[in-house]
Structure formats: structure tokens, C-alpha cells
Amino acid sequence: MFLQAAPETEANKRLYQGDLDQMGFVMNLSGVWGWRPEVCEAFSALRGLLTNQSTLTPRELAVIVCAAASSLGDAYCSLAWGKRLAAASDAATAAAVLQARHSEGLSPREQALCVWARKIVKDPNATGADDLQSLRTAGLSDQEIFDATAFAAFRLAFSTINDALGVSPDWQVAEAAPPEVRQAVTFGRAVAAQGA
């Protein structure tokens, strides 16, 4: 990352310990968020509030993140969420979403969410009522459309902070992703070297 390491505080020690407990290592992105761990916690809580009260499925959320992150060119979230989408579907489907290719492995709802997430990233001012009608035709309610839009925007903000401040994907995150997902992520920052 481009920032210096944050001075140690109780708050960022909790952040790093959370990584160790959940992942077995401190994630590179936590080095950036170590400057404002309370913002990271608030961001996570807000995201949880949105997703815990949404009828979008975990698989649909993974589709949204993969479509948005890959459209942004964010390798970190593409690898992490590509692994999740592969587990919820299969590696070929996850790779297709990351490469913006059509996949028979996606439902009509998921296909519509892919298109929508990419539009949000590329040019949110170019969306129109017809885009929402396509989502409704695929079976999404207006609340689900709001939830999908807010979730994509939250993920976009998170990715933008990490990418702008030079965070490279952890080699452990890349290694945990299926080969098809790793091969699909040909964009963004290079994976950090093992032991770096």
C-alpha cells in the first residue's frame, strides 16, 4: 500500500485480530483501514444492515460484487468474491461473470443483476427507467433493486479506497480461489508476493 503503517491502537489491533481469527492472516487491506478502523467497522455494520434485511440471496450478492469489481478493475474483491461465487455456483460461472461473458449457469435474475452492476460502475447517470423494467421483468422487486444498487455502490466505495491507496490482493486470497477465477482476473493490482 502507499500509506505508511498506522500507529498501533486498540481499535486497529482488534481489526487485525479479527483477520487472524477469521482468515489466519492479517489482510493487506486492513493495513489501509488500520488508519480508521472505526470507519471500517461502521462500513461493515451498514453493509450488514442492508444485506441482513434483504431478500437478495448470498449468491446474488456475490454476482453483484463480481460484476461490479471486475468492471472497476479491482483484482482484490474479484478474487475474494469470485471464490464465493464459485462455491455458490461453479468456477466456470464465476469466471464468466468476472470476464463479462454470458453464462448459462446464471438465472435470469442473476443475469439482470450482472448487467445492472456493470452499469452502476461504468456510468450511473446513463441508467434509465427501461433498465429498472428489465430488472423487474427478471423478477426483482423495487426493494431488491434498491438493495442491489446500494450494495453495489457500497462495494464500489470499498474497492475504490483499497485500489486508490495501492492495496494488492493477498497471495492467500488468490491461492484460495479456483484456478478458473485466478485466470479470469487479468486486471487490477498484481497479487502480493508470498512473504511480502
### Residue list for region 37-59, filter: of a type in the set (Ser, Thr, Tyr) and part of a helix (DSSP H, G or I)
44, 51
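Which ones in region 21-36 are outside any loop (DSSP other than H, G, I, E, B) and either under 20 Å from the mean Cα position of the chain (by Cα) or assigned by TED's automatic domain parsing to the domain that holds residue 159 (or both)? Let's see the steps before the verdict.
First, the residues of region 21-36 that are outside any loop (DSSP other than H, G, I, E, B): 21-23, 28-33.
Once the filter is applied, which keeps residues that are outside any loop (DSSP other than H, G, I, E, B) and either under 20 Å from the mean Cα position of the chain (by Cα) or assigned by TED's automatic domain parsing to the domain that holds residue 159 (or both), region 21-36 yields 22, 23, 28, 29, 30, 31, 32, 33.
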### Query
Conditions: (1) closer than 18 Å to residue 74 by Cα; (2) among the acidic types (Asp, Glu); (3) touching a Lys or Arg at 6+ places or on another chain (Cβ under 9 Å). Residue 170 meets all but one. Number of the miss?
(3)
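For region 48-88, how many residues meet the condition of being farther than 19 Å from residue 178 by Cβ and out of contact with any Gly (no Cβ under 7 Å at 6 or more places or on another chain)? Spell out how you get there, then give the answer.
From region 48-88, those farther than 19 Å from residue 178 by Cβ are 48-57, 60, 64, 68, 71-73; that's our starting set.
Applying the additional criterion that residues be out of contact with any Gly (no Cβ under 7 Å at 6 or more places or on another chain) yields 48-57, 60, 64, 68, 71-72.
Counting residues in region 48-88 that are farther than 19 Å from residue 178 by Cβ and out of contact with any Gly (no Cβ under 7 Å at 6 or more places or on another chain) gives 15.
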### Query
Looking at (1) surrounded by 13 or more Cβ atoms within 10 Å (Cβ to Cβ); (2) part of a loop (DSSP other than H, G, I, E, B); (3) more than 15 Å from the chain's Cα centre (by Cα), which is the one condition that is false for residue 111?
(2)
### Summary
A careful count of residues in region 83-103 that are more than 20 Å from residue 72 (Cβ to Cβ) and either touching a residue at least 60 places away in the same chain (Cβ under 8 Å) or touching a helix residue (DSSP H, G or I) at 6+ places or on another chain (Cβ under 6 Å) (or both) gives 3
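What are the residues in region 98-108 that are part of a loop (DSSP other than H, G, I, E, B) and under 14 Å from residue 70 (Cα atoms), if any? Write out each step before concluding.
Pass one, region 98-108, residues part of a loop (DSSP other than H, G, I, E, B): 99-107.
Within region 98-108, 99, 100, 101 qualify.
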### Query
Does region 70-82 contain any residue that is among the charged types (D, E, K, R), assigned to a loop (DSSP other than H, G, I, E, B) and in contact (Cβ under 8 Å) with a residue 12 or more places away in the chain?
yes
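The values are calculated or read from the model by the stated rules, or taken from the named source; none is laboratory data. Since we're looking at a predicted model, the values are computed, not measured. For neighbour counting, all protein chains shown are included, and Cβ atoms are generated from backbone atoms with ideal geometry for every residue, glycine included.
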